[in-house]
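Let me begin by presenting the structure, written as structure tokens, before commenting on it.
The values are calculated or read from the model by the stated rules, or taken from the named source; none is laboratory data. Just so we're clear, the structure is a prediction, and the values are computed from it rather than from any experiment. Cβ sites come from the backbone with ideal geometry, for glycine too, and all protein chains shown count toward neighbours.
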């Protein structure tokens, strides 16, 4: 397991262990740590680089909640694993974009360009839908699309799938790379440089997620309220300068 824990040693407080990806999720959680402490809650943030472990550990009862995903990803996890993790509140929306270190615009994407995209089913589908909408491929949708569903590929693009959290590290090795907003920020990539970017899409709001047995419990509801308060909105607006938008 690749993770680290941000916690403050406390006594007599109720622990709240939350799995999160580093940017901006853990940073937003850090912001609400103090108001939660005022409510007697010790927020412990466990940081993950992967997108599978936070759900697996939440389902196993080793986390009280997690904060890293949008609803299509959560729905797919529940469907594949038979779990019933539940969304609690939406917190923010990140851009999802198509980037290149060598190509200036979409029209300049050449034949046989190599394209790196995320490998999990939900984000393969999201990537292919974007390429279809941009007219770079034709990919009819019958559920979650895969590269085998591509019906027309006039530029004969070559697709390579990578674990989602590794995409930032292959930017220089491919003509075109899909990046999530948090990855772009972690790697110092301005989302304004994207060849194309999906912004403010409420269907991909990032949610605080819990289990059915604790979603309405005191500590999770207190976190939900802290994440959806006006001061958190102001923090998101000021810290991320439009690259991340509040979803509440």
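The set of residues from the range 31-52 being in contact with a strand residue (DSSP E or B) (Cβ under 7 Å, 6 or more places away or on another chain), more than 14 Å from residue 208 (Cβ to Cβ) and part of a helix (DSSP H, G or I) comprises just one member, 33. Looking only at residues in the range 175-201 that are part of a helix (DSSP H, G or I) and under 13 Å from the mean Cα position of the chain (by Cα), which one is nearest to residue 17 (Cα to Cα)? Checked the range 175-201; the qualifying residue nearest to residue 17 (Cα to Cα) is 182. Using the structure shown, decide if residue 88 is within 22 Å of the chain's Cα centre (by Cα), in the same structural domain as residue 19 (by TED's automatic domain parsing) and in contact (Cβ under 8 Å) with a residue 12 or more places away in the chain. Here the answer is yes, as residue 88 does meet what is asked.
Each residue in the range 171-192 was checked for being in contact with a strand residue (DSSP E or B) (Cβ under 8 Å, 6 or more places away or on another chain) and at pLDDT below 95, and 7 of them qualify.
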